[in-house]
Every structure is written in structure tokens, then in C-alpha cells.
Amino acid sequence: MAGVIQAVRGMNDVLPDEAPLWQHFEDVVREVFAHYGYRYLQVPLVESTPLFVRAIGEVTDVVEKEMYTFTDRLNGESLTLRPEATAGIVRAAIEHSLTYERPQRVWTAGPMFRHERPQKGRYRQFHQFDAEALGFAGPDVDVEQVVMLARLWRALDLDGITLHINSIGDPDERRAHRAALVEYFSLHANALDADSQRRLQTNPLRILDSKNPAMQTLIEGAPRLVDRLGQASREHFDGLQQGLADHGIEFTIDPRLVRGLDYYNRTVFEWMTDRLGAQATVAGGGRYDGLFEQLGGKPTPACGFAIGSERIILLLQSAGRTVVDVPDAYVVHAGEQAARLARSVAESLRDAGLAVVVNAGGGSFKSQMKRADASGARYALIVGENEAAANRVAVKSLRGEGGQIDLAPDELATHLSSN
Ligand code: HAM
């Protein structure tokens, strides 16, 4: 016999028992986004590789080692499964002149692909809800996005998610800070681990991201960009903080918060939990005022974020949240004539907006009743030979008091809907 083929490592199935919780989460996000005027758009899962290299940055973990890149077998073009959605959305916005007449609030959702080491909360195919405000200089939209996420956590009844913010300034300020960092870390070069030595040459900002305990004191003492912001960035950051305070949103300024993608400037933020171990960030984003130009578009300020769906689902599950998706009725039947009646009764109940499962594949009355029970349905509708002959249906409540009554087909919808 042939061996069993399993799912690719780090890529998960969402099975029917888990799916209702996912759908609940997705419904709530969609509703909250809509309430802030965000409109849905869809971009492809596959884009040309240079898009991500240019947008995310050559010297990032994502581009250096996590992309699923392959060659189009006909024309040799290098293509990549999207590791995130922002680059594709900005590409689409430029391509279709989306922000030509007015700024746009948009969102998308779906699978993203990163070749990371899988662990709890970290996968190779994962899902994001991604929102982008295109053409807004802020900081009002920066505030609005954070407020929108705070509302989402409330709507999902999730607590313990804390907000961390920082400003990483504008390119000039970052360059000056980068120079100051290189100088500082070069002075302490012998205290750097191998990874950081390498980053000192390529991306010194990422040294601040090091989790190596031996490096923490050195990192604490490093020059901080947030202390060296120019006036415009400073005012933007003050505006963000004031706006959050106006909404009563608590936050921590984390001068070491740098994001893993290079397109950001000024505002960066992450919502974090201490309930998921190392994969603490459930949503992250910030401003990327230079990205449109970097991708060949007109200068267009913008700000956005993405939510990691799997991490929110893990939080909901760890809070004991369950959502079940059950039919209103399960139809049990025996005999040719009964089967016909069962099917037509089910169709008219569906016309009335009810969810009905008709037993298929035969089975004794007892085994059909077992399936009815396992389906979670509120009612079993029983059509035996006697019922079929009399054009009646026996209705048995499967939850609570389990009485049974006989009804005509056209009385069923009202009865099922009113109980
Ligand atoms: P990101 O921080 O790379 O940002 O990802 C956003 C969120 O996606 C993370 O906070 C995390 O919850 C989730 N996530 C990332 N990688 C994985 C993974 N391997 N497994 C499970 N969940 C993961 C972005 O992607 C930006 N595009 C966000 C953004 C939009 N910035 C501006 N606009």
C-alpha cells in the first residue's frame, strides 16, 4: 500500500470542529473594520520577487531566509508566495492609481508564507487580517488604527493584550542613529555575539532585537532613536500619544521596538500577550511613508497593521472560548416513500432559512438517531413508513426536555423557528 501523505510541515488544516471559532473571529474582525470605513480588496498570493525584496528590505530575516521563492517554469521570472500583504497592496494601489483622487482605507485577509521554524503560534503558512490607510499623513489615522484594534479585542472579549509603541523616526534620523549605533557597538565589538557582529556590518538596528541575555546590558546602553527624533517626527509621536490618551488607551513606549520589515518610519506598534510564550505579538504595524516611492509610485504617506489570526485563535481557545455550528434539524427516514418526503420537507425548511441535515447512507433507526444526536441538531425529524403514508413528520427535541409531536410538513418551519 502507498504511504500516507501528510500536510507540509508548518502548514495546518482547520478542521470542522475548529472552523466555527475561526469564522466567529473573522466575522467580528470584518464587522469592526467595516465600522471604521475600511473596504475589502484582494491581492494575489503570488507576486514577483523583487516587489518583496524592495519593500521588505534585502537584509531582513523575511527576505534573507524565509521566502518561498520559485522560478516560473516558462519565462524564468522569479516569483514568491507573499510573506505579508502590505507590499502587494501598495503595488496594487500604485498600479490602479487607487489614491489618485482621495486617500483610501482598505483591508485584506488570507494566508501568508514564511519559511520559519514552526512552533506554537509560528507557522509556515499562517493567516493575517491586514488593514492599510493609504494617503494619510497622520497621526490621526495611526491613532484610529490602534483604537480599532482595541475595539476588536473588546468585541472578541479578549483581555491581557497590551500595546507597545515607538517612533523609529524618518530616514535621516535613522541614518544618524544608525551611525551612532555602529560607533557604539564598534567600541564594544568584543562583547558582540557572532550574529550581532554580522549585523553590525549589514543591519545594526537588528542588534537591538537580539534575544541573547549576555548582550542585554550592552543593548540597554545603546543610543536611542526616540531620544534623537527631529521636530516633525517628535510632533507626530506626541500626537500619537495624545490621541491614544484621549481614547483612554494604555500603552508602553518601548524604545527598543523595531519591526522585522524595513519599510517603516515614525510610528511602529505591537499588541502583545504573555499567554503565547515566545510568539507574543498578536498584531503589529506602523507607518511607511516612503514605500510608495520605493515601489515607483508617487509619494504617499500610509500606515497599517496586520493581525496574526492563528495567535488570536490560540488566545480564544486558551480562554476556553468555543463556538459550535449545529444544524436546526436532522432528518431520520426509512423506506423509499419516506426518503422522498424527508428530502422535500428538508428543502422547504431550508427555504424558511433553517439548517437541515438529511440522513444519507441508510442505517437502522437507532443508528440514524445516534447520528442525529452527534450532529448537535436541536431536533430530529422522523419520517417512518407510517408518517410517509399519512404525510406527517414526527418532531423529537434532542436538547432539554425530549418530547415528541406529530406535525404536517407545512407546520414544521413555524414550530422549529419558534422553539
Ligand atoms: P508582521 O509583524 O511581520 O507585520 O506580522 C504581523 C503579525 O502576523 C505578527 O504580529 C504575528 O501575529 C503574525 N505572524 C507573523 N509571522 C507569523 C508566523 N510565521 N506564524 C504565525 N503568525 C505570524 C506584517 O506582516 C506587516 N505587513 C504588517 C503591516 C501592515 N504593517 C503595515 N501594514
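Exactly which GluC sites (Glu not before Pro) in the range 227-278 are in a DSSP loop and have at most 14 other Cβ atoms within 10 Å? Mind dumping the intermediate values first?
Working: sites: 235, 250, 270; in loops: 250.
Those satisfying the criteria are 250.
Each principal axis of the range 210-257 carries a Cα extent, and these read 40, 25, 12 Å when sorted largest first. Treating each Cα of the chain as one equal point scatterer and applying the Debye formula with no solvent, the log10 of I(q)/I(0) at q = 0.08, 0.10, 0.12, 0.13 Å⁻¹ comes out as -0.59, -0.80, -1.00, -1.11. Applying both filters, DSSP loop and at most 13 other Cβ atoms within 10 Å, to the chymotrypsin sites (Phe, Trp or Tyr not before Pro) of the range 100-146 gives 100. Neighbours of residue 239, meaning other residues whose beta-carbon lies under 9 angstrom from its beta-carbon, give a summed charge of -4 when Lys and Arg score +1 and Asp and Glu score -1. Backbone phi angles across the range 45-58, fed through the Karplus curve with coefficients 6.51, -1.76 and 1.60 (θ = phi - 60°), yield HN-Hα couplings of 6, 10, 9, 6, 3, x, 4, 6, 4, 5, 6, 7, x, 4 Hz in residue order; Gly and Pro are listed as x.
How many percent of DSSP beta bridges within the range 329-418 run antiparallel, rounded to 5? Please list the in-between numbers first.
Details: 8 of 16 bridges.
The antiparallel fraction comes to roughly 50 percent.
The Cα center of the range 296-360 and the Cα center of the range 380-419 differ in position by 24 Å.
When the P(r) of the range 312-379 is calculated, the portion above 17 Å amounts to 51% of the C-alpha pairs. Under a cut-off of 19 Å between alpha-carbon atoms, report the lysines in cross-link reach of residue 65, not counting same-chain residues fewer than 8 places apart. Reachable lysines: 211. Amide H to amide H distances under 5 Å link residue 249 with no residue, where only residues 5 or more positions off or on other chains count and H is placed in the peptide plane. When we measure straight from the Cα of residue 370, which lysines land under 18 angstrom away, once same-chain ones fewer than 8 places off are left out? Filter leaves 396. Placing unit charges on each Cβ (+1 for Lys and Arg, -1 for Asp and Glu) gives the chain a dipole about its Cα centre, and among 316, 141, 237 the Cα reaching farthest toward its positive end belongs to 316.
On a 0 to 90° scale, report how tilted helix 171-187 is relative to the longest principal axis of the chain, with both axes built from alpha carbons and the result rounded to the nearest 10. Compared with the principal axis, the helix lies near 70 degrees.
Go ahead and collect, in residue order, the members of the range 400-414 whose backbone nitrogen is under 12 Å from a label point 7 Å along the Cα-Cβ direction of residue 351. Residues 410-411, 413 qualify, since their backbone N sits under 12 Å from the label point. Between residue 234 and residue 179, the C-beta separation translates, for a Förster distance of 25 Å, into a calculated FRET efficiency of about 0.80. Rounded to the nearest Hz, the phi-derived 3J(HN,Hα) couplings of the range 6-19 under the Karplus curve 6.51 cos²θ - 1.76 cosθ + 1.60 (θ = phi - 60°) are 10, 4, 5, 3, x, 10, 10, 8, 10, 7, x, 5, 8, 4, where x marks glycine and proline. Coupling constants for the range 351-359 follow from the phi torsions by the Karplus curve (6.51 cos²θ - 1.76 cosθ + 1.60, θ = phi - 60°), and in residue order they are 4, 7, x, 9, 9, 10, 10, 9, 4 Hz; glycine and proline get x.
Could you give the dipole magnitude of the chain about its Cα centre, charging the beta-carbon of Lys and Arg +1 and that of Asp and Glu -1, in debye to the nearest 20? It works out to roughly 780 debye.
The H on the amide N of residue 265, modeled in the peptide plane, is under 5 Å from the matching H of 287, 288, 289, each at least 5 residues off or on a different chain.
Just to be sure I follow the definition: excluding the sites themselves, where is the longest run in the chain that has none of the trypsin sites (Lys or Arg not before Pro) in a DSSP loop with at most 12 other Cβ atoms within 10 Å? Could you put the intermediate results ahead of the total?
On the way: sites that count: 9, 73, 120, 211, 399.
The longest such stretch corresponds to 212-398.
Do the sum for the chain: with -39,500 (n - 2.57) for every DSSP H run of n ≥ 4, divided by all residues, what is the mean residue ellipticity at 222 nm, to the nearest 500 deg cm²/dmol? Computed mean residue ellipticity for the chain: -11000 deg cm²/dmol.
Count Lys and Arg as plus one, Asp and Glu as minus one, and take only other residues whose Cβ is under 13 Å from that of residue 385; the net charge is then 0. When the alpha carbon gyration tensor of the range 110-213 is reduced to an equivalent ellipsoid, the three semi-axes, largest first, read 32, 22, 14 Å. Each principal axis of the Cα atoms in the range 329-418 has its own extent, and those three values, largest first, are 30, 25, 21 angstrom. Bridge orientation summary for the chain: considering DSSP beta bridges with both residues in this region, about 80 percent are antiparallel.
Read the figures in this text as sums done on the coordinates, not as results from a lab. The model shown is predicted, which means the values in this text are computed figures rather than measured ones. Here the Cβ is made from the backbone with ideal geometry for all residues, glycine too, and neighbour counts use every protein chain on show.
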